[in-house]
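Below you'll find the structure, written out as structure tokens, and then a few comments.
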Amino acid sequence: MKEKLIVILGPTAVGKTDLSIKLAQSLQSEIISGDSMLLYRGFDIGTAKPGTGEQAGIMHHMIDILEPEEEFSVTRFKAMAAEHIKAINAAGKIPILAGGTGLYIKSLLEDYCFNATKGDEQYRAQLEQLAAERGREHVHTMLAAVDPEAAARLHVNDFRRVIRALEVYHMGGEKISQEKNAPAGELVYNTYVIGLNRERTHLYARINERVDKMFADGLVEEVKALLARGLDRSCQAMQGIGYKEVVAALEGTMTMERARECIKQSTRHFAKRQLTWYRKMPYIHWYDVETCTPQDLLAAVSKDIAGKFGTK
RNA sequence: GCCUUGGUAGCUCAGUCGGUAGAGCAGAGGACUGAAAAUCCUCGUGUCGGCAGUUCGAUUCUGUCCUAAGGCA
């Protein structure tokens, strides 16, 4: 008997948070975040994290569980989310997984089987050093020597993956190209996947507005506070959209105005990339947020969920 | 009114010593299996402001008109 799960995904700024909270209220359930940036404490404004007021007393899991300097990865997400899903089901409720991180959600639903080799900071730094000295081609050639299949698939410039492939081979004796599990096309959970979308130009307009609002709400102060705490600007969380640009502006490499535009642009690009993940998930039930009010959306979604799970 | 400098892809501009043009950005599509809000790949025909002239041929030269900015009155 598979555990039940409701998923809400969609591009950034489409309105996932709002729907997830309303739905959680009406189903008296709990929310699990499927978002790689909400994990971090202190990263609130730039991540559009729902504040405690907005959370409306609904239990939110996997938000604010990491210190800013902590590292995180998909496998941890997968394991943690699975636990929450299990626990909430055990309590007789249907958990709501809401978030936009394609890899995280897809790997959870489809049970990606990752290589066991852990990330090794030192080894990565070593390869980056090597690439700086002898070029990326050189590192790519190293991969071709040990795992030609992976090398053929990876572009020389897709340096992160080249590094990972080498790491997997040298640190763990595995190959990134080795066949993983073939999840029989069936999802891990008894799940109803809701995809929210709206017309692209309108989505972009919302993104632009939201970025302006982040600045008005004190994004710059948030970043300053993080830096003042001694947080290294190179840490994972600081690579998030909105943070790396503000840091650059504070360091003087670009104007704050320019940073604001960069953030809008990156967010738009990001939304587009999210959408390409979702296109590979044929089991998503799409709802056009454009053509209905929040009430109608909730009603429509509730009805479809009731049909699926036999809830009220 | 006169002078100067512009008018080339949605935007900013480059360029053609005359043989119908190309970058960045924007935008679009894609990849992705322990960093994923990360990382990476692919995609550029537009009356070269209008009209006329010179020419085998003009976006490129000449004239004229329109238009923008600046200067002089």
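The values are calculated or read from the model by the stated rules, or taken from the named source; none is laboratory data. Being a predicted model, the structure only gives us computed values, none of them experimental. Methodologically, a virtual Cβ is constructed for each residue, glycine included, from the backbone with ideal geometry; neighbour enumeration extends over all protein chains shown.
Would you pick out the residues in segment A:212-230 that are of a type in the set (Val, Ile, Thr) and more than 21 Å from residue A:70 (Cα to Cα)?
Within segment A:212-230, the first condition is being of a type in the set (Val, Ile, Thr), and the residues that meet it are A:220, A:223.
Hit for segment A:212-230 is A:220, nothing else.
How many residues are assigned to a helix (DSSP H, G or I), over 16 Å from residue A:72 (Cβ atoms) and near RNA strand B (Cβ under 8 Å from one of its atoms) if we restrict to segment A:232-252? Before the answer, list the steps.
Within segment A:232-252, the subset assigned to a helix (DSSP H, G or I) is A:236-239, A:243-250.
Narrowing further to those that are over 16 Å from residue A:72 (Cβ atoms): A:244-250.
Then keep just the ones that are near RNA strand B (Cβ under 8 Å from one of its atoms); that gives A:244.
Total meeting the criteria: 1.
Here is a check on your reading of the model: is residue A:125 within 12 Å of RNA strand B (Cβ to nearest atom) and farther than 23 Å from residue A:34 by Cβ? Can you show your working first?
Values: within 12 Å of RNA strand B (Cβ to nearest atom): yes; farther than 23 Å from residue A:34 by Cβ: yes.
Yes: the conditions hold for residue A:125.
Of the conditions (1) more than 12 Å from RNA strand B (Cβ to nearest atom); (2) among the small types (Gly, Ala, Ser); (3) surrounded by 17 or more Cβ atoms within 10 Å (Cβ to Cβ); (4) part of a helix (DSSP H, G or I), residue A:225 clears all except one; give me its number.
Among (1) more than 12 Å from RNA strand B (Cβ to nearest atom); (2) among the small types (Gly, Ala, Ser); (3) surrounded by 17 or more Cβ atoms within 10 Å (Cβ to Cβ); (4) part of a helix (DSSP H, G or I), the lone unmet condition for residue A:225 is (3).
Answer with yes or no whether residue A:57 is of a type in the set (Gly, Ala, Ser) and part of a loop (DSSP other than H, G, I, E, B). Outline the logic, then answer.
Values: of a type in the set (Gly, Ala, Ser): yes; part of a loop (DSSP other than H, G, I, E, B): yes.
Answer is yes for this residue.
Within the bounds of segment A:204-222, is there any residue that is surrounded by 13 or more Cβ atoms within 10 Å (Cβ to Cβ) and in contact with a Ser or Thr (Cβ under 7 Å, 6 or more places away or on another chain)?
Among the residues of segment A:204-222, at least one is surrounded by 13 or more Cβ atoms within 10 Å (Cβ to Cβ) and in contact with a Ser or Thr (Cβ under 7 Å, 6 or more places away or on another chain), which makes the answer yes.
Could you check segment A:53-111 and list, in sequence order, the residues that are charged (D, E, K, R) and on the phi > 0 side of the Ramachandran plot? So that I can check it myself, show each step before the final result.
Start the filter on segment A:53-111 by keeping residues that are charged (D, E, K, R), which leaves A:54, A:64, A:67, A:69-71, A:76, A:78, A:83, A:86, A:93, A:106, A:110-111.
Passing the criteria: A:64, A:111.
Could you please find all residues in segment A:257-282 being surrounded by fewer than 14 Cβ atoms within 10 Å (Cβ to Cβ) and either within 30 Å of residue A:107 (Cα to Cα) or not charged (D, E, K, R) (or both)?
Taking segment A:257-282 as the starting set, the residues that turn out to be surrounded by fewer than 14 Cβ atoms within 10 Å (Cβ to Cβ) are A:257-258, A:269, A:272-273, A:276, A:279-280, A:282.
Residues satisfying the conditions are A:269, A:272, A:273, A:276, A:279, A:280, A:282.
Looking at segment A:254-272, which of the residues that are of a type in the set (A, V, I, L, M) and more than 18 Å from the chain's Cα centre (by Cα) is farthest from RNA strand B (Cβ to nearest atom)?
Quick first cut of segment A:254-272, residues of a type in the set (A, V, I, L, M) only: A:254, A:256, A:259, A:263, A:271.
Applying the additional criterion that residues be more than 18 Å from the chain's Cα centre (by Cα) yields A:254, A:256, A:259.
Values: A:254: 13, A:256: 18, A:259: 13 Å.
Restricting to residues being of a type in the set (A, V, I, L, M) and more than 18 Å from the chain's Cα centre (by Cα), the top hit is A:256.
Would a scan of segment A:48-60 turn up a residue that is within 28 Å of residue A:276 (Cβ to Cβ), in contact with a strand residue (DSSP E or B) (Cβ under 8 Å, 6 or more places away or on another chain) and in contact (Cβ under 8 Å) with a residue 40 or more places away in the chain? Don't jump to the end; show me each part of the working.
Taking segment A:48-60 first, the residues within 28 Å of residue A:276 (Cβ to Cβ) are A:48-50, A:60.
Cutting the leftovers down to in contact with a strand residue (DSSP E or B) (Cβ under 8 Å, 6 or more places away or on another chain) gives us A:50, A:60.
Now restrict to residues that are in contact (Cβ under 8 Å) with a residue 40 or more places away in the chain: none.
No, every residue in segment A:48-60 fails to be within 28 Å of residue A:276 (Cβ to Cβ), in contact with a strand residue (DSSP E or B) (Cβ under 8 Å, 6 or more places away or on another chain) and in contact (Cβ under 8 Å) with a residue 40 or more places away in the chain.
Which one of these is within 24 Å of residue A:269 (Cα to Cα) and near RNA strand B (Cβ under 8 Å from one of its atoms): A:104, A:112?
Values: A:112 fails: within 24 Å of residue A:269 (Cα to Cα).
Exactly one residue qualifies, and that residue is A:104.
Going by what's in this entry, would residue A:125 be described as surrounded by fewer than 13 Cβ atoms within 10 Å (Cβ to Cβ), modelled with pLDDT under 95 and touching a helix residue (DSSP H, G or I) at 6+ places or on another chain (Cβ under 7 Å)? Explain how you work it out, then say what you get.
Values: surrounded by fewer than 13 Cβ atoms within 10 Å (Cβ to Cβ): yes; modelled with pLDDT under 95: yes; touching a helix residue (DSSP H, G or I) at 6+ places or on another chain (Cβ under 7 Å): no.
No: the conditions fail for residue A:125.
Which count do you get for residues in segment A:79-98 that are surrounded by 18 or more Cβ atoms within 10 Å (Cβ to Cβ) and in a helix (DSSP H, G or I)?
First, pick out the residues of segment A:79-98 that are surrounded by 18 or more Cβ atoms within 10 Å (Cβ to Cβ): A:81, A:84-85, A:88-89, A:94-98.
Those left that are additionally in a helix (DSSP H, G or I): A:81, A:84-85, A:88-89.
Result for segment A:79-98: 5.
I'd like the residue in segment A:61-89 that is in contact with a helix residue (DSSP H, G or I) (Cβ under 6 Å, 6 or more places away or on another chain) and without any contact (Cβ under 8 Å) to a residue 40 or more places away in the chain and, out of all such residues, is farthest from RNA strand B (Cβ to nearest atom).
First, pick out the residues of segment A:61-89 that are in contact with a helix residue (DSSP H, G or I) (Cβ under 6 Å, 6 or more places away or on another chain): A:61, A:68, A:71, A:74, A:77-78, A:81.
Now narrow it down to the ones that are without any contact (Cβ under 8 Å) to a residue 40 or more places away in the chain: A:61, A:78.
Numbers: A:61: 16, A:78: 9 Å.
Once the filter is applied, the top-ranked residue is A:61.
Answer with yes or no whether residue A:13 is closer than 24 Å to residue A:223 by Cα, at pLDDT below 95 and more than 9 Å from RNA strand B (Cβ to nearest atom). Quick ask: steps written out before the conclusion?
Working: closer than 24 Å to residue A:223 by Cα: yes; at pLDDT below 95: yes; more than 9 Å from RNA strand B (Cβ to nearest atom): yes.
Yes.
State which residue pairs qualify: first residue under 18 Å from residue A:88 (Cβ atoms) and acidic (Asp, Glu) and inside segment A:18-41, second residue within 9 Å of RNA strand B (Cβ to nearest atom) and not in a strand (DSSP E or B) in any location, beta carbons under 9 Å apart, and separation of 6 or more residues or different chains.
Once the first residue is under 18 Å from residue A:88 (Cβ atoms) and acidic (Asp, Glu) and sits in segment A:18-41, its partners that are within 9 Å of RNA strand B (Cβ to nearest atom) and not in a strand (DSSP E or B) give A:35/A:47; A:35/A:49; A:35/A:99; A:35/A:100; A:35/A:101; A:35/A:104.
Does residue A:209 satisfy being under 24 Å from the mean Cα position of the chain (by Cα) and under 28 Å from residue A:67 (Cβ atoms)?
Values: under 24 Å from the mean Cα position of the chain (by Cα): yes; under 28 Å from residue A:67 (Cβ atoms): no.
In short, no.
Can you find a residue that is closer than 25 Å to residue A:187 by Cβ, surrounded by fewer than 16 Cβ atoms within 10 Å (Cβ to Cβ) and polar (S, T, N, Q) anywhere in segment A:23-34?
So in segment A:23-34, the residues closer than 25 Å to residue A:187 by Cβ come out as A:23-24, A:26-34.
Filter once more, so that each one left must be surrounded by fewer than 16 Cβ atoms within 10 Å (Cβ to Cβ): A:26, A:28.
Next, only the ones that are polar (S, T, N, Q) stay: A:26, A:28.
Yes, because at least one residue in segment A:23-34 is closer than 25 Å to residue A:187 by Cβ, surrounded by fewer than 16 Cβ atoms within 10 Å (Cβ to Cβ) and polar (S, T, N, Q).
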